[in-house]
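The structure appears right after this line, and notes come after that.
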Amino acid sequence: MKHNFGAGPCILPQEVFKQASEAVINFNDTGLSILEISHRSKEFEAVVFETESLIRDLLSVPSNYSILFLQGGARQQFAMVPMNLTREGERMAYLDTGSWASNAIKEARNIGDVEVVASGKDNNYTSIPKTYHIPNDAAFFHYTSNNTIFGTELFDVPNSPIPVVCDMSSDILSRKIDVSQYGLIYAGAQKNIGPAGLTIVIVNNDLLGNTGRTLPAIFDYQSHIKAKSMYNTPPVFSIYVAMLNLRWLRLKGGIEEIERENIAKARKLYEEIDRNPLFKGPADLEDRSRMNVAFTMEDPSLESEFLALATERDLVALKGHRSVGGFRASLYNALPLSSVHLLVDVMQEFEEKVKK
Ligand SMILES: *Cc1c(COP(=O)(O)O)cnc(C)c1O
């Protein structure tokens with residue numbers, strides 16, 4: 001068995017893969033494949049309904065928030081958020097904490113005026129800026145809760161006088177959040193929810209319909225709300241597999257239990273990075289991500305040898321993002337603590353090997 005530390009698309013529970021593969025042949029005893037059933041069939045309507053209820057339950061989403069199943073990835077949200085939440089000429093405020101945040105900023109600038117309230121770029125995004133001012137006349141404040149590439153995470157919602165929008169692509173469902181503190185949350189599914197092809201948006205309905213803009217219907221949240229995420233053909237299979245994964249999460253004990261496990265996994269790995277003289281973690285201690293642990297070696301010339309040993313031990317997809325180098329261990333919900341123990345064993349084995 002491989003231990004998949006990939007950053008996305010990511011590991012899902014083995015039983016989810018098994019159930020999904022069975023549904024490809026015969027979905028719910030319909031005699032049809034999940035790949036061919038109509039998205040308007042009552043069987044699939046039940047899937048959408050259950051997926052939405054599971055998200056609502058797991059995250060305690062208030063009833064005045066809509067939950068949408070869209071496509072186009074988190075990147076489409078980089079554009080849809082400004083289109084749907086600003087009037088012509090209205091400013092937006094962004095916190096720049098990494099590559100994804102700066103991509104979101106770049107896209108927002110195609111729609112309107114952006115104020116970057118602070119940026120971690122000068123210290124290569126190894127820490128999250130803490131002191132900044134959010135203007136109260138901007139339409140919203142946008143931040144990225146987990147920086148998938150640099151391995152930093154914001155655990156507290158920044159204090160904001162305006163609605164908060166969060167790209168939660170890589171830490172949604174990994175820990176407890178209070179949805180009512182946000183105006184809008186979005187996440188590409190492929191990091192911690194399910195397979196690629198699905199994007200989740202959770203939005204406070206009060207924020208919509210105030211822009212005076214006429215949007216293409218496909219980019220308008222209100223068309224998708226009105227059509228219950230069936231405005232166009234939804235990604236049927238991705239939603240189905242996400243539902244199986246959410247069922248798994250609930251059975252496991254929900255967010256509270258998974259957060260406990262995620263804390264234990266991250267703690268175990270950071271302890272070894274800090275103890276082992278060969279390795280170091282570039283992120284500031286207080287900003288370290290629980291989901292994506294980025295680390296490098298004191299001697300970069302040993303990196304390929306370490307990676308080869310890890311691969312030999314079936315620990316895969318540990319290479320760091322091409323813009324950062326080193327290693328990145330993604331510890332998403334479905335990755336068991338035992339896989340982290342194996343990685344730590346290999347780090348210790350390598351330490352012994354280098355000593356000789
Ligand atoms: C992966 C990622 C994205 C990009 O997601 P796509 O679904 O590929 O568009 C955006 N933001 C964050 C935080 C990510 O981790």
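Can you list the GluC sites (Glu not before Pro) in the range 273-356 that are in a DSSP coil and have 12 or fewer other beta carbons within 10 angstrom? Before the final figure, lay out the partial values.
Numbers: sites: 286, 298, 303, 305, 312, 349, 351, 352; in loops: 298.
Taking the range 273-356 and a limit of 12 other Cβ atoms within 10 Å, the loop GluC sites (Glu not before Pro) found are 298.
Ignoring any ligand, DNA or RNA, what whole percent of the accessible area of the chain comes from carbon and sulfur when the probe is 1.4 angstrom?
On the way: 7760 of 15670 Å².
Of all accessible area on the chain, carbon and sulfur atoms account for 50 percent.
For the range 6-94, applying the loop criterion from DSSP together with a ceiling of 13 other beta carbons within 10 Å to the GluC sites (Glu not before Pro) yields 36, 88. Over the chain, DSSP H runs of length four or greater, each weighted -39,500 (n - 2.57), average out per residue to a 222 nm ellipticity of -11500 deg cm²/dmol.
Ranking 21, 170, 140 by Cα position along the charge dipole of the chain, where only Lys, Arg, Asp and Glu carry charges on their C-beta atoms, puts 21 farthest toward the positive end. Given R0 = 51 Å, the distance between the Cβ atoms of residue 280 and residue 206 translates into a calculated FRET efficiency of 0.65.
Can you compute the FRET efficiency between residue 53 and residue 267 using 1/(1 + (r/R0)^6), with r the Cβ-Cβ distance and R0 = 45 Å? Round to the nearest 0.05. With R0 = 45 Å, the Cβ-Cβ based efficiency is 0.90. In this view, the solvent-accessible surface of residue 92, computed with a 1.4 Å probe and all protein chains in place, comes to about 0 Å². Between residue 60 and residue 122, the modelled labels are 3.9 nm apart [label points 7 Å from Cα along Cα→Cβ].
Between residue 110 and residue 252, what length comes free when the chain is fully extended (0.36 nm per residue of separation minus the Cα-Cα distance, one decimal in nm)?
Working: separation 142, 0.36 × 142 = 51.12 nm, distance 4.28 nm.
Length gained, residue 110 through residue 252: 46.8 nm.
Ordering 149, 331, 48 by the projection of their Cα atoms onto the charge dipole of the chain, which places +1 on the Cβ of Lys and Arg and -1 on the Cβ of Asp and Glu, puts 48 at the extreme positive end. Here the range 106-125 is scanned for amide nitrogen atoms under 20 Å from the site 7 Å beyond the Cα of residue 133 along Cα-to-Cβ, giving 113-120. Computed with a 1.4 Å probe over protein heavy atoms only, the accessible surface of the range 254-355 comes to 46 Å² per residue.
Extension gain, residue 22 to residue 316, is 103.2 nm, computed as 0.36 nm per intervening residue step minus the present C-alpha separation.
For residue 131, the solvent-accessible surface with a 1.4 Å probe is about 130 Å², rounded to the nearest 10. Each distinct pair of alpha carbons in the chain adds a 1/r term; the inverse of their mean, the Kirkwood radius, is 21.3 Å.
Maximal additional length on extending the residue 226-residue 298 stretch stands at 20.5 nm, based on 0.36 nm per residue less the C-alpha distance. In this structure residue 224 has an accessible area near 10 Å², from a 1.4 Å probe over the protein heavy atoms.
Using a/c under 1.5 as the rounded threshold, could you call the range 130-221 rounded, prolate or oblate? The axes a ≥ b ≥ c are square roots of the C-alpha gyration tensor eigenvalues, and prolate needs a/b larger than b/c, oblate otherwise. Verdict is oblate for the range 130-221. Exceedance of the 31 Å cut-off in Cα-Cα distance is limited, within the set 191/226; 121/228; 18/319; 130/355, to 121/228; 130/355.
The values are calculated or read from the model by the stated rules, or taken from the named source; none is laboratory data. Note that the coordinates shown come from a computational prediction; the quantities given were computed from them, not determined experimentally. With ideal geometry, Cβ positions are generated from the backbone for all residues, glycine too; neighbour counts draw on all protein chains shown. All accessible areas refer to the heavy atoms of the entire protein, side chains included, with ligands and DNA or RNA removed. Shrake-Rupley method; radii C 1.70, N 1.55, O 1.52, S 1.80 Å.
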